[in-house]
Amino acid sequence: MIKILFVCHGNICRSPMAEFVLKDMVAKRGIADQFEIASAATSTEEIWNGVGNPVYPPAKAELAKHGISCDGKRAVQLKASDYDHYDYLIGMDSMNIRNIERMTGHPGGEKIYKLLSFAGIGRDCRDPWYSGRFDETYRDVVTGCTAFLEFICGKK
């Protein structure tokens, strides 16, 4: 079982998009049973009294345009123990990476990656919270998840 945790700031846009895009990709390949895929936030901004907000409606709508459902997903916060549980902690941007390292106590941790690095792209995954361009973020997520899946399948 390969365990993957996608991480962004609030866990309502980029990381859940990546979670459900990758879940869709592995399901279509018939290998979903080989993966545990989840997502989390580095902040608590989208979590109130222990209950996370659902996926941001424009992010949910962008996934739906591509036939992907994220129903039931609510924001959760990254925990230090996630470093031990997951094989890959994948941040959407450089700030996420720094926060993952800090929150898990693993600076330079060998399990921590930036999503687009798997595609040989050094830049951050576009944040639609600021740009409003959920289509661009979706393309970044698909690019990163496709390359990540190729990386994983190449290791088997």
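The values are calculated or read from the model by the stated rules, or taken from the named source; none is laboratory data. These numbers were taken from a predicted model, which means no experiment stands behind them. With ideal geometry, Cβ positions are generated from the backbone for all residues, glycine too; neighbour counts draw on all protein chains shown. When the accessible area is computed, the model is the full protein with side chains, heavy atoms only, and any ligands, DNA or RNA have been set aside. Shrake-Rupley method; radii C 1.70, N 1.55, O 1.52, S 1.80 Å.
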Selection count, the range 66-94, where residues are under 20 Å from Asp140 (Cβ atoms), assigned to a strand (DSSP E or B) and out of contact with any Asp or Glu (no Cβ under 7 Å at 6 or more places or on another chain): 3
Members of the range 68-82 found to be in contact (Cβ under 8 Å) with a residue 40 or more places away in the chain, open to solvent by 50 Å² or more (accessible area, probe 1.4 Å) and farther than 14 Å from His9 by Cα, listed by number: Ser69
Qualifying residue in the range 131-140 (condition: over 14 Å from Leu5 (Cα atoms), aromatic (Phe, Trp, Tyr) and crowded, with 19+ Cβ neighbours inside 10 Å): yes
Filter result (open to solvent by 50 Å² or more (accessible area, probe 1.4 Å), in a loop (DSSP other than H, G, I, E, B) and of a type outside the set (A, V, I, L, M, F, W, C)) within the range 1-19: His9
Test: Gly108 is on the phi > 0 side of the Ramachandran plot, of a type outside the set (Ser, Thr, Tyr) and out of contact with any Pro (no Cβ under 8 Å at 6 or more places or on another chain): yes
Selection count where residues are open to solvent by 10 Å² or more (accessible area, probe 1.4 Å), part of a helix (DSSP H, G or I) and in contact (Cβ under 8 Å) with a residue 12 or more places away in the chain, scope the range 20-55: 5
Residue under evaluation His85, criteria (1) over 24 Å from Pro128 (Cα atoms); (2) surrounded by 14 or more Cβ atoms within 10 Å (Cβ to Cβ); (3) not hydroxyl-bearing (Ser, Thr, Tyr), criterion not met: (2)
Sole exception among (1) modelled with pLDDT of 95 or more; (2) more than 14 Å from the chain's Cα centre (by Cα) for Ser131, by number: (1)
Near pairs, Cβ below 7 angstrom, 6+ apart or cross-chain, from the range 95-109 (touching a residue at least 12 places away in the same chain (Cβ under 8 Å)) to any residue that is of a type outside the set (Phe, Trp, Tyr) and in a helix (DSSP H, G or I): Thr104/Asp82; Gly109/Glu101
When residues of the range 141-152 are limited to those that are in contact (Cβ under 8 Å) with a residue 40 or more places away in the chain and not aromatic (Phe, Trp, Tyr), the one surrounded by the most Cβ atoms within 10 Å (Cβ to Cβ): Val141
